[in-house]
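The values are calculated or read from the model by the stated rules, or taken from the named source; none is laboratory data. Here the structure is a predicted model, which is why all the values come from computation and not from measurement. Cβ atoms come from the backbone with ideal geometry, glycine included; neighbour counts cover every protein chain shown. All accessible areas refer to the heavy atoms of the entire protein, side chains included, with ligands and DNA or RNA removed. Shrake-Rupley method; radii C 1.70, N 1.55, O 1.52, S 1.80 Å.
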Amino acid sequence: RTAIQRLKLQINKKSNVATNVTRKEIIQMLREGKDESARIRSEGMMREESLVNAMEVTQMMCDLLVTRASYLNTSKLCPEDMEEACASVIYASSRMDIPELSEISQMLGSKFTKAWADSHIDNSSERVNR
């Protein structure tokens, strides 16, 4: 649950600050003929928007894990219908600066084996949400 709250905070922070200021800056740069600077700034803005989208997906996956926690606790192997959520959270844990995701990843790795978790860190399992 803490991971979900932290993701919500990060999503709000990144989407509110970056989007409003950067769009105005880009428009101003284009008016002033600074096309190259505007292009660089817009690439950064698109990268931030992609990160916000990834955080939103990760938040949904965490919600699913919380909802189905008792189901996961009773399973010896990761249930097929939960593998995408588990894999996506593990994958995101090494790419987002949210400590709670790392904790969830470690718990899933200790529950379903480290080798299983490691196959999701780099998406060699091809089970991560795209």
Unique match (being surrounded by 13 or more Cβ atoms within 10 Å (Cβ to Cβ), farther than 24 Å from D122 by Cα and not aliphatic (A, V, I, L, M)) among K13, K34, K24 = K34
Is at least one residue of the range 3-26 over 24 Å from M96 (Cβ atoms) and either of a type in the set (S, T, Y) or modelled with pLDDT of 90 or more (or both)?
-> yes
Filter the range 75-101 for residues that are touching a helix residue (DSSP H, G or I) at 6+ places or on another chain (Cβ under 6 Å), within 22 Å of R130 (Cβ to Cβ) and not aliphatic (A, V, I, L, M) and give the result.
-> C78, C86, S88, Y91, S93, S94
Looking at L101, is it closer than 18 Å to R127 by Cα, open to solvent by less than 90 Å² (accessible area, probe 1.4 Å), without any contact (Cβ under 8 Å) to a residue 40 or more places away in the chain and assigned to a helix (DSSP H, G or I)?
-> no
Answer with yes or no whether R39 is under 21 Å from D97 (Cβ atoms), open to solvent by 80 Å² or more (accessible area, probe 1.4 Å) and out of contact with any Asp or Glu (no Cβ under 8 Å at 6 or more places or on another chain).
-> no
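Listed here are the residues, each with its yes/no results for (1) assigned to a loop (DSSP other than H, G, I, E, B); (2) open to solvent by 40 Å² or more (accessible area, probe 1.4 Å).
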| site | (1), (2) |
| --- | --- |
| L72 | no, no |
| K76 | yes, yes |
| C86 | no, no |
| A92 | no, no |
| M96 | yes, no |
| L108 | no, no |
| A117 | no, no |
| R130 | yes, yes |
Identify the residue in the range 53-70 that is under 26 Å from N16 (Cα atoms) and of a type outside the set (A, V, I, L, M) and, among all such residues, is surrounded by the fewest Cβ atoms within 10 Å (Cβ to Cβ).
-> N53
For the subset of the range 119-128 comprising residues that are out of contact with any Asp or Glu (no Cβ under 9 Å at 6 or more places or on another chain) and assigned to a loop (DSSP other than H, G, I, E, B), which member is most open to solvent (accessible area, probe 1.4 Å)?
-> E126
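Every residue, every condition in (1) within 24 Å of R6 (Cα to Cα); (2) at pLDDT below 90; (3) among the aliphatic types (A, V, I, L, M), yes or no:
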| residue | (1), (2), (3) |
| --- | --- |
| T67 | yes, no, no |
| P79 | no, no, no |
| M82 | yes, no, yes |
| A85 | yes, no, yes |
| E126 | no, yes, no |
| R130 | yes, yes, no |
For the range 40-63 the number of residues that are touching a helix residue (DSSP H, G or I) at 6+ places or on another chain (Cβ under 9 Å) and either free of Cβ contacts under 8 Å to residues at least 12 places away in the same chain or charged (D, E, K, R) (or both) is 6
